[in-house]
Amino acid sequence: MALRGERFIAAAVRALRPRRHDARIGEQAARYWSASDGDGSWESNSHWRDGIGDEAFEEVGRDHWEMYQRFARALGVQTPGTVIEWGAGGGANAAAFAPRAQRFIAADISPDNLAECSRQVKAVCDTPLDIRRIDLADPDAAADGLRHACDTFLCLYVIEVTTGVDAVRTILGIAQRVLRPGGMAFVQMKYHTGDGRTRGRPGLAYTRNLALTTTFTIEEFWQLADECGLAPQLITLVPRNRLDGRYAYYALIKPDTADDPR
Ligand SMILES: C[S@@+](CC[C@H](N)C(=O)[O-])C[C@H]1O[C@@H](n2cnc3c(N)ncnc32)[C@H](O)[C@@H]1O
């Protein structure tokens with residue numbers, strides 16, 4: 001009897017451990033992204049103009065805009081329309097997409113990032129801008145009232161800094177919900193290869209890993225998007241650029257017939 005009790009306790013401990021671990025990493029991520037650490041590295045990791053420099057800042061926006069256009073042309077998508085960027089950071093993509101958009105919605109965890117993104121957008125255009133703060137304890141709330149409201153969903157240099165596959169599933173679910181049928185999600189993730197050193201390490205201290213926290217194989221992410229109700233259509237790889245490497249970009253379309261979970 002005592003042995004059965006001990007086994008039960010051991011099983012309960014095993015079952016609870018990952019949850020506690022996930023919660024701890026989640027707290028570390030929320031704390032890290034919520035505000036600057038004061039030494040400039042946070043601004044660099046958030047891709048502020050002052051953090052990565054003018055040239056890299058312009059390049060991020062230009063490269064992503066050109067890639068988006070290639071996907072859009074191939075898929076017969078006309079214009080970006082209403083765009084939402086999930087994890088907008090310092091506004092490198094926002095400054096490139098907002099001037100071509102009807103409306104731009106910037107979502108991020110950090111109020112400082114949202115303020116900086118807003119400054120960068122206002123410096124280049126007067127496109128209507130909407131700011132949404134993401135609470136990592138309830139990310140869906142940042143998309144309240146946006147069901148079917150967006151033509152384009154951007155999520156760039158974000159998936160790899162999320163805390164794991166559940167967080168990524170949440171983001172793809174939000175994309176599925178806010179996009180109108182036929183709308184496009186332009187999403188990048190960091191892929192791992194057969195070399196174990198390229199794998200994400202969600203098990204280690206968050207701030208030590210950052211951009212190597214959550215990775216996928218090319219096919220895993222394709223399937224995950226599909227499971228989340230977004231049909232993968234096109235993919236482009238960037239094995240290396242000036243920031244880092246192993247980037248995979250997907251054009252995901254919300255099917256016309258999609259049933260929304262909410
Ligand atoms: C490397 S920056 C990228 C900024 C911008 N997307 C770009 O391409 O320049 C990562 C951004 O993702 C945000 N972020 C981190 N985890 C997130 C999550 N789970 N959901 C949404 N945004 C997140 C951070 O606050 C930060 O602004």
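The values are calculated or read from the model by the stated rules, or taken from the named source; none is laboratory data. From a predicted model like this one, the values you see are computed outputs, not experimental measurements. Neighbour counts are summed over all protein chains in view; Cβ atoms, including those assigned to glycine, are modelled from backbone coordinates with ideal geometry. Note: accessible area is taken over every heavy atom of the protein model, side chains too, but ligands, DNA and RNA are not part of it. Shrake-Rupley method; radii C 1.70, N 1.55, O 1.52, S 1.80 Å.
General observations
- Distances between placed amide hydrogens fall under 5 Å for L146 paired with no residue 5 or more residues away or on another chain.
- Inter-probe distance in nm under a simple model that places probes 7 Å from Cα toward Cβ, at T193 and W222: 1.8 nm
- Rounded tilt (10° steps) of 54-75 against the dominant C-alpha axis of the chain: 90 degrees
- Only the Cβ atoms of Lys and Arg (+1) and of Asp and Glu (-1) were treated as charged; on that basis the dipole of the chain about its Cα centre amounts to roughly 780 debye.
- Kirkwood Rh, Cα atoms: Rg over Rh of region 2-253: 1.00
- Accessible area, probe 1.4 Å, largest first, for residues I134, I218: I218, I134
- Per-residue extension of 0.36 nm, minus the Cα-Cα distance of Q102 and R70, leaves a gain of 9.6 nm for this segment.
- Mean projected area of the convex hull spanned by the Cα atoms of region 131-216, taken over all viewing directions: 6.3 nm².
- Per the Debye formula on identical point scatterers at the alpha carbon atoms of region 180-252, with no solvent, log10 I(q)/I(0) at q = 0.14, 0.27 Å⁻¹ is -0.48, -1.24.
- Surface accessible to a 1.4 Å probe, D22 within the full protein complex, Å²: 90 Å²
- Full extension of the chain between L210 and R24 gives 65.5 nm of extra length, using 0.36 nm per residue less the Cα-Cα distance.
- Check: region 74-155 dipole with +1 on Lys, Arg Cβ and -1 on Asp, Glu Cβ, in debye: 300 debye
- Debye intensity ratio in log₁₀ form over the Cα atoms of region 36-146, taken at each q of 0.13, 0.19, 0.20, 0.21 Å⁻¹: -0.48, -0.98, -1.07, -1.15
- Net charge of Cβ neighbours under 12 Å - reference T198; Lys, Arg +1; Asp, Glu -1: +2
- Note on the chain: with a GNM built from Cα contacts shorter than 10 Å, the maximum mean-square fluctuation among L75, L243, L212 falls on L243.
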